[in-house]
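Pasting in a structure now, in structure tokens, and then I'll have a few things to ask.
Just so it is clear, none of the values below were taken in a lab; they were calculated from the coordinates. None of these values were measured; they are calculated from a predicted model. Note: ideal-geometry Cβ built from the backbone for every residue, glycine included; neighbour counts use all protein chains shown.
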Amino acid sequence: MMNRKGVLAIGGGIALLIGIMFFFKNPDESDQIKRFKVTVCKVIEHEAINAVAEGIRDELSPDSEFELETSTCQGNQGVASQIASKAANDDTKIFVTIGTTPTQAAFKLAMEGKLNLVFSSVTNPGDIAASFESSNTTGVSNFIPLKPQIELFKRIQPNLKRLGIIYNSSESNSVAIVDALRPILQEMGITMVVRCIQKSSDLPQAVNSVVNEIDAIFISNDNTALAGIPFIIKICNRRKIPVYVSDTDQVEKGCLAALGPNQFDIGRQTGAMIKKIKNGTDINDIKIEYPKANELFINLEAARTVGITIPSDIISNADKVFGGDRKK
């Protein structure tokens with residue numbers, strides 16, 4: 001029979017073993033307990049959307065308590081719904097959507113209290129809900145006023161009379177932009193020439209048919225059209241048609257000019273919202289935000305290609321100039 005000293009020795013050994021196990025336990029397991037999971041769903045893969053995602057990651061990366069999981073729904077609302085439903089049933093703390101399509105897919109789950117939804121780069125949040133009050137939803141829009149953009153294009157191209165617009169009619173944000181553009185262009189004496197597409201494979205026919213009727217083309221935040229911007233530039237350059245955009249990242253690729261927000265900064269703005277929620281701020285107390293600044297990008301090589309001389313004051317005031325030296 002074991003004496004009292006033997007029992008105490010065994011008990012002490014067990015306690016020591018437990019202490020050693022606790023001290024040397026896998027740090028990854030500890031991290032998993034602490035980490036705050038953020039699931040990101042991108043509408044599609046292209047530079048602007050990816051820049052937003054990188055901005056979010058950059059804002060959150062200094063904090064080791066965040067775990068980011070990123071996927072893309074490829075513009076498909078059914079796929080976006082599946083991704084959102086999975087997030088609602090795992091340990092996701094915040095579901096982040098980049099673009100309108102995944103935001104629409106996730107909004108119902110947020111309304112039902114199954115997700116905390118933070119959207120980013122949504123042009124017209126009003127398409128998703130008339131009010132976001134008590135909806136467990138907030139976010140950052142990429143919308144900037146349209147009139148200053150058209151005024152810029154008109155200054156660059158004073159004889160602009162017919163402006164081509166290509167957009168995906170199933171993207172509600174694009175529909176909202178086209179509706180808002182109509183009275184602005186009418187007021188400025190510019191005719192809008194529209195081509196609707198449903199998918200990327202519709203783009204070649206739309207571009208080839210519209211270039212014969214226009215003085216310039218404007219792509220504003222339509223994800224399907226932006227994904228095909230190299231093709232649009234190629235066809236338009238052959239016909240000496242300038243390509244204007246609201247996505248500044250596309251100017252380096254050959255678009256003539258853009259007045260728009262910095263997509264990376266929109267991502268960082270979104271990341272700052274996520275930090276507020278993690279630190280205890282109620283998501284329903286955070287108002288929807290808009291870009292804090294706009295940037296002017298121009299491409300002098302693109303201008304030369306289509307035979308346009310950009311006024312020197314526009315060049316000197318640009319935030320970035322591609323394809324030549326900045327003129328003072």
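For the range 155-195, go through all pairs of different Cα atoms, get the mean of 1/r, take its inverse, and jot down that Kirkwood value in Å.
Result for the range 155-195, one decimal place: 10.9 Å.
Over the Cα atoms, compute the radius of gyration (one decimal) and Dmax (the largest Cα-Cα distance, rounded to a whole number) for the chain, in Å.
Spelled out, the Cα radius of gyration and Dmax of the chain are 25.5, 106 Å.
So how long is each side of the range 209-291 along the principal axes, counting just the alpha-carbon atoms, biggest first, in Å?
Its Cα atoms span 56, 21, 18 Å along the three principal axes.
Moving on. Counting Lys and Arg as +1 and Asp and Glu as -1, each charge on the Cβ, what is the dipole of the chain about the Cα centre in debye, to the nearest 20?
Dipole of the chain, to the nearest 20 debye: 300 debye.
Taking Cα centroids, how far is the range 107-186 from the range 264-280 in Å?
21
Near residue 55, within a Cβ-to-Cβ distance under 11 Å, what is the net charge of the other residues, with Lys and Arg +1 and Asp and Glu -1?
-2
Cβ neighbours within 10 Å, averaged per peptide: list 218-230, 78-90, 135-147, 283-295 in order, most packed at the top.
Peptide ranking by packing, descending: 218-230, 135-147, 78-90, 283-295.
For the range 87-220, calculate the relative contact order in percent as a whole number, restricting contacts to Cα pairs under 8 Å that are 6 or more residues apart.
21
Another question, then. Over the Cα atoms of the range 65-121, each weighted equally, I'd like the Debye log10 I(q)/I(0) at q = 0.19, 0.28 Å⁻¹, rounded to two decimals.
-0.57, -1.26
While we're looking at this one, here's another question. Return P(r) of the range 119-268 (all Cα-Cα pairs; 5 Å bins starting at 0; whole %; ordered from short to long distances).
All Cα pairs considered, the percentages come to 2, 9, 20, 22, 21, 14, 7, 3, 2, 0, 0.
For the range 236-272, which trypsin sites (Lys or Arg not before Pro) are both in a DSSP coil and crowded by at most 14 other Cβ atoms within 10 Å?
Of the trypsin sites (Lys or Arg not before Pro), the ones in loops of the range 236-272 whose Cβ has at most 14 other Cβ atoms within 10 Å are 239, 240.
Whole-Å semi-axes of the range 237-328's equivalent ellipsoid, largest first, each the root of 5 times a Cα gyration tensor eigenvalue?
36, 13, 9
I'd like to compare 162-173, 66-77: which one has the highest average count of other Cβ atoms within 10 Å, and what's the full order after that?
Per-residue Cβ counts within 10 Å, averaged per peptide and sorted highest first, yield 162-173, 66-77.
Another question, if that's okay. From zero up to wherever the largest Cα-Cα distance of the range 112-184 sits, split into 10 Å bins and tell me the percent of pairs in each.
Percent of Cα pairs in each bin: 16, 40, 27, 13, 5, 0.
For the chain, what is the percent of antiparallel DSSP beta bridges, rounded to the nearest 5?
Among the beta bridges of the chain, antiparallel pairing accounts for roughly 10 percent.
Which ordering of 264, 119, 322 is given by a fewest-first count of other beta-carbon atoms within 10 Å?
The order, fewest Cβ neighbours first, is 322, 264, 119.
For the range 139-222, what is Rg from Cα atoms divided by 2.2 N^0.38 Å, rounded to two decimals?
After normalising by residue count via 2.2 N^0.38 Å, the value is 1.09.
Restricting to Cα pairs below 8 Å that are 6+ residues apart, what does the relative contact order work out to for the chain? Please round to a whole percent.
Result for the chain is 17 percent.
Which value does Rg/Rh take for the range 64-206 over its C-alpha atoms, Rh per Kirkwood?
1.06
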